[in-house]
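Visitor: One structure, pasted below without further comment.
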Amino acid sequence: MRYYPVFLDLVDQPCVVLGEGKFAREKAASLREAGALVRVIPSREYKRGDLAGARLVVDASEDTDINRRSWQEAEEAGILINVVDRPAQCRFIAPAIVRRDPLLIAISTSGESPYLASALRARIERWLGREWGPFVALVGNVRRQLRARGVPIPEQTRVFRRIVNSEVRSLLRRGRADDAAHLAVAIGQAGAIGPGRVALVGAGPGDPDLLTFKARELLADAEYVLHDALIAPETLALCGPDARIEDVGKRAGLDNPSQEAITARLIELARAGYAVVRLKGGDPFVFGRGGEELADLVDAGIEVVVVPGVTAALAAPAAAGIPVTLRGVASSLAITTAQGDRSLDRLRELALAADTLVVLMPRSNLAEVAAAVAEAVGGSRPAAVISNATLPNQQSVTGPLEGIARMADQAAIGTPATLVVGDVVAAAPTLAVLPNSTVDGGFG
Ligand SMILES: C[S@@+](CC[C@H](N)C(=O)[O-])C[C@H]1O[C@@H](n2cnc3c(N)ncnc32)[C@H](O)[C@@H]1O
């Protein structure tokens, strides 16, 4: 069944509800809420001719004989009818509704599953808070003002995007309706060319479900998204349909944009008034060079927002079931990288100083890294290497530090990978559902 969706204007229109039960009362109430003139006819009183002149009829009598007769009368008279729970006797069906007046969202599964329709309604209600009602009304006001001034449509669209990306909704959420209205009007008056903004956003370790709510919203509304190499296509799919996506990922050995070129591009786009998202794997400030980009943008006078992400340094062990500060086993944690000057000396020092050591970017020189850490804490210290954590192709190996590089090679552990060293690895409870390719070397 294919339905044609409409919203009906029933103000002052005669409508009939048949029946006297709960459904009949509910249908009558919602029709009255829409301004209809509702006549309720109890089941036993219905007779042919009662529907004459009605715009719309709901038969909630739950009586098959009445159902048959009302359907026949309505069909002959060309009146829209819905016989409750009888899809074959419905000229229209009633969707599940999310009400944020003047915003109205109708959800229909074409009768396949009223349960799913109401489950979706509950989700959308949580997603779109109460502030969406007044927000839509404010945007409506601005739209009327822009139209009255003859502002061209593409420019109007940019104003609306700026309002969506502004503080207007959060002001409404906090009950500051007057401030929200002033801000919306001010953006409307400033026009499309206002200052742009860069959001430095953490994309998490890979699984798009681990993005923050704020990251999702910014991606949906961004005009430009400049992203790293490690961002999953499923995450980029959350960008709005008109977003321009630029891959500025730095992959070893390939001719990719320099850090200066990336920052210059961000500044250029923000100065041109665009809403820009700079999307980085994990958390932008954990070995992600987010700090340098922030400093350069602030120096250039660009407005920046920072949205933290779930760092791989914590997500990779967590996804492999390793609690990095397991009570009674570890009460300190160090996070470092295997790359850069003095990295091996630093690894030795940190391995001694912290109960659990997490090493990012260890894969290319894993044997060397493991040997350096083993020099400090001994080759029998438990270790794990987890690659592609939180993604469908997650892999991990666990075993004593002295054998971990060989095990990782044997299991063909790829990148990105994270090394975890410490007693928590051996003490970790075995996951009920282990990722397919976990290899456990034992610690005996
Ligand atoms: C340049 S660092 C960026 C870290 C990122 N800013 C963060 O907070 O997760 C890249 C390293 O993060 C780790 N990494 C990123 N994603 C990972 C994943 N899905 N599984 C395991 N390790 C990951 C690897 O060690 C990789 O070499």
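Laboratory data are not the source of any read-out in this text; all were calculated from the coordinates shown. All figures in this text were calculated on a predicted structure; none of them were measured in a lab. Backbone-built Cβ (ideal geometry, glycine too); neighbour counts: all protein chains shown.
Visitor: Among the DSSP beta bridges whose two residues both lie in region 1-143, what percent are antiparallel, rounded to the nearest 5?
Guide: If I count the DSSP bridges inside region 1-143, around 30 percent turn out antiparallel.
Visitor: Additional query: From the P(r) of region 43-165, could you give the percentage of C-alpha pairs in the tail past 24 Å?
Guide: Cα-Cα pairs in region 43-165 separated by more than 24 Å: 53 percent.
Visitor: Next question. Between the helical axis of 177-190 and the dominant principal axis of the chain, each derived from Cα atoms, what acute angle in degrees is found, rounded to the nearest 10?
Guide: 80 degrees
Visitor: Continuing with the same structure: Straight-line reach from residue 22: which aspartates and glutamates have a Cα under 18 Å away, not including same-chain ones fewer than 8 places off?
Guide: In chain and number order, the partners are 33, 45, 59, 62, 63, 85.
Visitor: Helix 343-353 against the longest principal axis of the chain: what's the angle in degrees, Cα atoms only, rounded to the nearest 10?
Guide: Between helix and principal axis, roughly 80 degrees.
Visitor: Over the Cα atoms of region 119-161, how large are the radius of gyration and the largest Cα-Cα distance (Dmax), in Å?
Guide: Reported Rg and Dmax, both Å: 14.0, 43.
Visitor: Reported to two decimal places, what Rg/Rh ratio describes region 1-100 when computed on Cα atoms with Rh from the Kirkwood expression?
Guide: 0.93
Visitor: Right, here's the next one. Using only alpha carbon pairs under 8 Å that are at least six residues apart, calculate the relative contact order of the chain and give it in whole percent.
Guide: 9 percent
Visitor: Using only alpha carbon pairs under 8 Å that are at least six residues apart, calculate the relative contact order of region 143-281 and give it in whole percent.
Guide: 29 percent
Visitor: Taking only Cα atoms, what is the 0 to 90° angle, nearest 10, from helix 64-77's long axis to the longest principal axis of the chain?
Guide: Taking Cα atoms only, the helix is inclined about 80 degrees.
Visitor: Output ³J(HN,Hα) for region 196-201: one whole-Hz value per residue in order, computed from phi by the Karplus curve 6.51 cos²θ - 1.76 cosθ + 1.60 with θ = phi - 60°, and x for Gly and Pro.
Guide: x, 8, 10, 9, 8, 10
Visitor: Shifting gears a bit: Could you compute Rg(Cα) / (2.2 N^0.38 Å) for region 150-189, with N its residue count?
Guide: That ratio works out to 1.21.
Visitor: Over all directions, how big on average is the projection of the convex hull of the alpha-carbon atoms in the chain, in square nanometres?
Guide: Dividing the Cα hull surface by four gives the mean projection, 29.5 nm².
Visitor: Follow-up question, since we're still on this one. Write down the radius of gyration of region 289-392 and its Dmax, each obtained from C-alpha positions, in Å.
Guide: 16.3, 52
Visitor: Right, another one. Rounded to two decimal places and with Rh computed the Kirkwood way over Cα pairs, what is Rg over Rh for region 327-444?
Guide: Value, to two decimals: 0.94.
Visitor: Now for a separate question. Go through region 405-414 residue by residue and turn each phi into a ³J(HN,Hα) via Karplus (6.51, -1.76, 1.60, θ = phi - 60°); whole Hz please, and just put x for glycine and proline.
Guide: After applying 6.51 cos²θ - 1.76 cosθ + 1.60, I find 5, 5, 4, 5, 5, 4, 7, 6, 5, x Hz.
Visitor: Taking the Cα centre of the chain as origin, sum charge times position over the Cβ atoms of Lys and Arg (+1) and Asp and Glu (-1), and report the length of that vector in debye to the nearest 20.
Guide: 1340 debye
Visitor: So for the chain, taking the charge dipole from beta-carbon charges (+1 Lys/Arg, -1 Asp/Glu), which of 407, 226, 31 sits furthest toward the positive end?
Guide: Of the listed residues, the answer is 31.
Visitor: Here is a follow-up. How long are the three semi-axes of the equivalent ellipsoid for region 233-365, computed from the Cα gyration tensor as the root of 5 times each eigenvalue, in whole Å, largest first?
Guide: For region 233-365, the semi-axes come out at 32, 18, 15 Å.
Visitor: Would any residue of region 68-91 have its amide N under 14 Å from a label point 7 Å out along Cα→Cβ of residue 48? List them or say none.
Guide: Taking a point 7 Å out along Cα→Cβ of residue 48, the residues of region 68-91 whose backbone N falls under 14 Å are 68-77.
Visitor: Ranked by Cβ crowding within 10 angstrom, fewest neighbours first, how are 280, 47, 214 ordered?
Guide: Going from least to most buried by this count: 47, 214, 280.
Visitor: Once the dipole of the chain is set up with Lys and Arg at +1 and Asp and Glu at -1 on Cβ about the Cα centre, which of 383, 93, 67 lies farthest towards its positive end?
Guide: Towards the positive end, the residue furthest out is 67.
Visitor: Apply the Karplus curve 6.51 cos²θ - 1.76 cosθ + 1.60, θ = phi - 60°, to the phi angles in region 311-328 and return the couplings in whole Hz, x for Gly and Pro.
Guide: 6, 4, 4, 9, 6, 5, x, 4, 5, 9, x, 9, x, 5, 10, 5, 3, x
Visitor: Name the long-range amide H neighbours of residue 40: under 5 Å, sequence gap of 5 or more, or other chain; modelled H, no Pro or chain starts.
Guide: Excluding prolines and chain starts, which carry no amide H, the hits are 17.
Visitor: Could you rank the peptides 339-347, 387-395, 357-365, 321-329 by their average count of other C-beta atoms within 10 Å per residue, with the highest value first?
Guide: Those peptides, ordered most packed to least, come out 357-365, 387-395, 321-329, 339-347.
Visitor: Would you compute, from DSSP H runs of 4+ residues alone, the mean residue ellipticity of the chain at 222 nm, taking -39500 (n - 2.57) per run and dividing by the full residue count, rounded to the nearest 500?
Guide: Here the helix-only value at 222 nm equals -11500 deg cm²/dmol.
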